[in-house]
Amino acid sequence: MNPNITVLITVRNSKDIIRKCIDSILKLNYPKNRYKILVIDAFSTDGTFEILQNYGNKIVLKRLEGKPPKAYNYALNIIKTEFTAITNADCIVDKNWLKEIIKPFEDKQVMAVAGIAKNPIKTTSKLQSIIGRELEDRYNHFPREITRAPEMNLCLRTSIARKLKFDEKLDVSYDADFGYRLTSKYGKIIYQSLAIIYHYHRASWKGFFKQQFTYAKFVPRNYLKKHLTKIKGDEISKTSFVLQILFIYLIFLGLLSAMFNLSFLYFPITIFSFLLISYLIDIIKLSRSIDDIFWFLILFIVRNIAWSIGIPIGVINMFKN
């Protein structure tokens, strides 16, 4: 089965990685006349567009101002191939990526297929490695059939995706919304672990905090307004993560109460103990060395704080709009 596929990438200011991304796609173990590369640049200012221009007719290059959902909808309207495979500019694809991700589509009930995101062989920082290992562990626990998947490794039936469209009001979490709507209306998303991409994660704590804070701001709009039943967690967002956010809020409320009555101090201390136990369960499972314990603990704390701040801001923004 070697159907025609368009590999779709949206990009803005990714000059340090974009060559590796495009070169890996050009080297795919898939018939060269059966796939094309469509890159949509959101008016990069760092030289990314000029790098892409150097590929000439090896890629189809477009420019469009706006966030990825807008670019995806634009692309889906002009793509003529039966399938559209999406990856991100900060990813490198395995040589058998397309070959593996297309296999489950032999089942006509399958509307989308998602693969795994692994760490590159060489990461530029310990933080990138830790983030990638935690995410890969979640992928390793996916069931065969899932309800949503990150768009950095996702293949779609173009005609169905064109009908469904990505929600352009969501700057992030649009792939989650897309997956939930797809599986509720059209058919299945299959997880194919042999379809591999290598993802470069945030290399600084500032970048990681900002990313998680942004995700959190769009939780109210995506989940409270559209997918309330999914707020408890799904294949990617574990229930323990949802509980950790709740623990953070309870600790904060307990500390506020203790300012007026010290007897309330026992409550936040107790909740903090539960939070630490929750962290330790995951840390013990993920750590390979003593050093890892510290890194994962800081990772979970930074992520929880970012989400705890971002969610109420998202609620305020939702009511404002």
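Can you tell me which condition Gly56 does not meet? The list is (1) at pLDDT 95 or above; (2) under 25 Å from the mean Cα position of the chain (by Cα), and all the others hold.
Checking Gly56 against (1) at pLDDT 95 or above; (2) under 25 Å from the mean Cα position of the chain (by Cα), the one that fails is (2).
Could you grab the pairs with beta carbons closer than 9 Å, sequence gap of 6+ or different chains, first residue in region 99-110 and in contact (Cβ under 8 Å) with a residue 12 or more places away in the chain, second one outside any loop (DSSP other than H, G, I, E, B) and of a type in the set (Ser, Thr, Tyr)?
Glu100/Ser193; Pro104/Tyr191
Here is a yes/no grid of residues against (1) surrounded by fewer than 22 Cβ atoms within 10 Å (Cβ to Cβ); (2) among the β-branched types (Val, Ile, Thr); (3) over 23 Å from Asn4 (Cα atoms):
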| position | (1), (2), (3) |
| --- | --- |
| Ala114 | no, no, no |
| Arg138 | yes, no, yes |
| Ile146 | yes, yes, yes |
| Leu156 | no, no, no |
| Gly187 | yes, no, no |
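Among the numbered criteria (1) among the hydrophobic types (A, V, I, L, M, F, W, C); (2) under 19 Å from Glu136 (Cα atoms); (3) surrounded by fewer than 19 Cβ atoms within 10 Å (Cβ to Cβ), which one does Leu299 miss?
Going through (1) among the hydrophobic types (A, V, I, L, M, F, W, C); (2) under 19 Å from Glu136 (Cα atoms); (3) surrounded by fewer than 19 Cβ atoms within 10 Å (Cβ to Cβ) one by one, Leu299 breaks only (3).
Taking the condition in contact with a Pro (Cβ under 7 Å, 6 or more places away or on another chain), within 17 Å of Thr239 (Cβ to Cβ) and either polar (S, T, N, Q) or surrounded by 16 or more Cβ atoms within 10 Å (Cβ to Cβ) (or both), does Ile311 pass?
Answer is yes for this residue.
When you go through Arg221, Arg162, Arg133, Arg202 one by one, which is the residue that is within 30 Å of Lys80 (Cα to Cα), of a type in the set (D, E, K, R) and surrounded by fewer than 22 Cβ atoms within 10 Å (Cβ to Cβ)?
Unique residue meeting the criteria: Arg162.
Taking interchain pairs and intrachain pairs at least six residues apart, which have beta carbon atoms under 8 angstrom, with the first residue in region 46-61 and in the same structural domain as Arg12 (by TED's automatic domain parsing) and in contact (Cβ under 8 Å) with a residue 60 or more places away in the chain and the second crowded, with 18+ Cβ neighbours inside 10 Å and of a type in the set (Lys, Arg)?
Between residues of region 46-61 that are in the same structural domain as Arg12 (by TED's automatic domain parsing) and in contact (Cβ under 8 Å) with a residue 60 or more places away in the chain and residues that are crowded, with 18+ Cβ neighbours inside 10 Å and of a type in the set (Lys, Arg), there is no close pair.
In this structure, is Asn88 surrounded by fewer than 20 Cβ atoms within 10 Å (Cβ to Cβ) and out of contact with any Lys or Arg (no Cβ under 8 Å at 6 or more places or on another chain)?
Answer is no for this residue.
Given (1) in a helix (DSSP H, G or I); (2) closer than 30 Å to Ile25 by Cα; (3) not assigned by TED's automatic domain parsing to the domain that holds Thr158, where does Arg181 come up short, assuming only one miss?
Evaluating Arg181 over (1) in a helix (DSSP H, G or I); (2) closer than 30 Å to Ile25 by Cα; (3) not assigned by TED's automatic domain parsing to the domain that holds Thr158 leaves (3) as the failure.
Look through region 267-292, keep the residues that are of a type in the set (Gly, Ala, Ser) and surrounded by fewer than 17 Cβ atoms within 10 Å (Cβ to Cβ), and return whichever of them is farthest from Ser237 (Cα to Cα).
Filtering region 267-292 for residues that are of a type in the set (Gly, Ala, Ser) and surrounded by fewer than 17 Cβ atoms within 10 Å (Cβ to Cβ), the one farthest from Ser237 (Cα to Cα) comes out as Ser289.
So if I check each of Ser308, Ser237, which one is outside the structural domain of Glu168 (by TED's automatic domain parsing), among the hydroxyl-bearing types (Ser, Thr, Tyr), closer than 30 Å to Lys169 by Cβ and part of a loop (DSSP other than H, G, I, E, B)?
The conditions single out Ser237.
If I go through region 4-23 residue by residue, how many of them are over 20 Å from the mean Cα position of the chain (by Cα) and either at positive phi or in a helix (DSSP H, G or I) (or both)?
2
Name the single residue that is farthest from Lys103 (Cα to Cα) among those in region 138-180 being within 14 Å of the chain's Cα centre (by Cα) and of a type in the set (D, E, K, R).
Asp171
The values are calculated or read from the model by the stated rules, or taken from the named source; none is laboratory data. Note that the structure is predicted; figures quoted are calculated from it, not measured. Cβ: placed from backbone, ideal geometry, glycine included. Neighbour counts: every protein chain shown.
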